[in-house]
Amino acid sequence: MSDKNTNHMKHGNIFWGVVLIVIGFLFLFDKLGMLDFQWSLFWRLWPVLLILWGISIIPMRGIFKIMLALVVGALSIGFYYQQAGKGDIDRSASRFWLYDNSRNDGDENRYSDQAFSAEMPDSISVASLKMDAAAGDFRLEGPCENLFEFSKSGQSVNYTYRVEEFAGKASVFITQESDFHLGRKNRNEVNLQLNPSPLWDIDVEIGAADFSFDLSGFKVRKLDIDGGATSIDLVFGNLCDSTNVSISAAASSIDLVIPENSGCRIEGSSVLSSRDLEGFDKIEKGRYETKGFAEATQKIYINIDAAVSSFSVRRK
């Protein structure tokens, strides 16, 4: 290997080493309560990692890369504080709102509980869940007799929901309506339950969160997760003939468990990410399949778009 290539690799290692150290310190200081970030805004800047990665592979001298990275970082920080200063966008209520919990503009460190649910109509055969939440600990605890049940404990973060019903399909929308500030004394724990009868389509947008859904007891047709710096743990069952999963994340840990007798195909891209795909064969670049995938009666299709993340799939 030439000296030029060796120097390029050394500059790249130093470049990404500094980036990861900075991100690590941000998480550490936030966990210790030394700094307070609005991660609901911060996680949305994860595409900056892709920009930095692009800078790292541009054939230019290392000093220019560092200067360009500093400019991108400064612009990102400026954008963060500009958006943080604007506060929440007030979402006006519509005729579909069944629940609207008013905001609490008092002490953000106060703790409160919140719970709501919706009855399960007899005519519903298909249901969808759209959840938009920034930070916290999110769990799918299991089945329930209602269409869904939601409970929250911790910091005074307010959620609203609405349900739309049309032609045998119910659509559930759950939205976080107030800021959550991570810190040593702050927490936001959300527990969710779903009715196991309908065919479910689930779409979730989360930020700096711990997200754990055991879907083995549900007929899940589609699952879309758009996450930032997130820990994602998912368990799938075989109650639906075909399940389509799409995950987009950055600086995340993603662990999936799929049934042993299910066929699974994984496609997508992962930038600076580690992969652990137990029981999969590489078909081509960016595509993996379990043995006998074509003949399997139940199939799971996974599309993954991850940057600076760890990604593992286990069969059980």
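The values are calculated or read from the model by the stated rules, or taken from the named source; none is laboratory data. Because the structure is predicted, anything quoted here is derived from the model rather than measured. Ideal geometry is used to build each Cβ from the backbone, glycine not excepted, and the neighbour counts take in all protein chains shown.
Computed values, structure above
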{"read-out": "Failed item in (1) more than 27 Å from Ala208 (Cα to Cα); (2) surrounded by fewer than 22 Cβ atoms within 10 Å (Cβ to Cβ); (3) without any contact (Cβ under 8 Å) to a residue 60 or more places away in the chain, with Asn238 passing the rest", "value": "(3)"}
{"read-out": "Index of the failed condition, Gly217 passing every other in (1) in a loop (DSSP other than H, G, I, E, B); (2) buried (at least 18 other Cβ atoms within 10 Å of the Cβ)", "value": "(2)"}
{"read-out": "Residue match in region 303-312 (condition: β-branched (Val, Ile, Thr) and either buried (at least 16 other Cβ atoms within 10 Å of the Cβ) or in contact (Cβ under 8 Å) with a residue 40 or more places away in the chain (or both))", "value": "yes"}
{"read-out": "Region 114-148, subset outside any loop (DSSP other than H, G, I, E, B) and either acidic (Asp, Glu) or outside the structural domain of Leu199 (by TED's automatic domain parsing) (or both), residue surrounded by the fewest Cβ atoms within 10 Å (Cβ to Cβ)", "value": "Glu141"}
{"read-out": "Residue check, Gly227 more than 17 Å from Lys316 (Cβ to Cβ) and surrounded by 16 or more Cβ atoms within 10 Å (Cβ to Cβ)", "value": "yes"}
{"read-out": "Subset of region 278-316 (residues that are under 14 Å from Ser248 (Cα atoms) and of a type in the set (S, T, N, Q))", "value": "Asn303, Ser309, Ser310"}
{"read-out": "Pairs with Cβ under 8 Å, 6+ apart, first in region 246-269 and assigned by TED's automatic domain parsing to the domain that holds Lys291 and surrounded by fewer than 18 Cβ atoms within 10 Å (Cβ to Cβ), second of a type in the set (A, V, I, L, M) and in a loop (DSSP other than H, G, I, E, B)", "value": "Asn261/Ala296"}
{"read-out": "Single condition Ser197 does not satisfy, out of (1) modelled with pLDDT of 90 or more; (2) of a type in the set (S, T, N, Q); (3) more than 25 Å from Phe116 (Cα to Cα)", "value": "(3)"}
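One line per residue, one yes/no per condition, for (1) in a strand (DSSP E or B); (2) within 19 Å of Arg315 (Cβ to Cβ); (3) of a type outside the set (Ser, Thr, Tyr); (4) in contact with a Ser or Thr (Cβ under 8 Å, 6 or more places away or on another chain):
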| position | (1), (2), (3), (4) |
| --- | --- |
| Trp200 | yes, no, yes, yes |
| Leu223 | yes, yes, yes, yes |
| Asn238 | no, yes, yes, yes |
| Thr243 | yes, yes, no, no |
| Leu256 | yes, yes, yes, yes |
| Ile266 | yes, yes, yes, no |
| Ser269 | yes, no, no, no |
| Lys282 | yes, yes, yes, no |
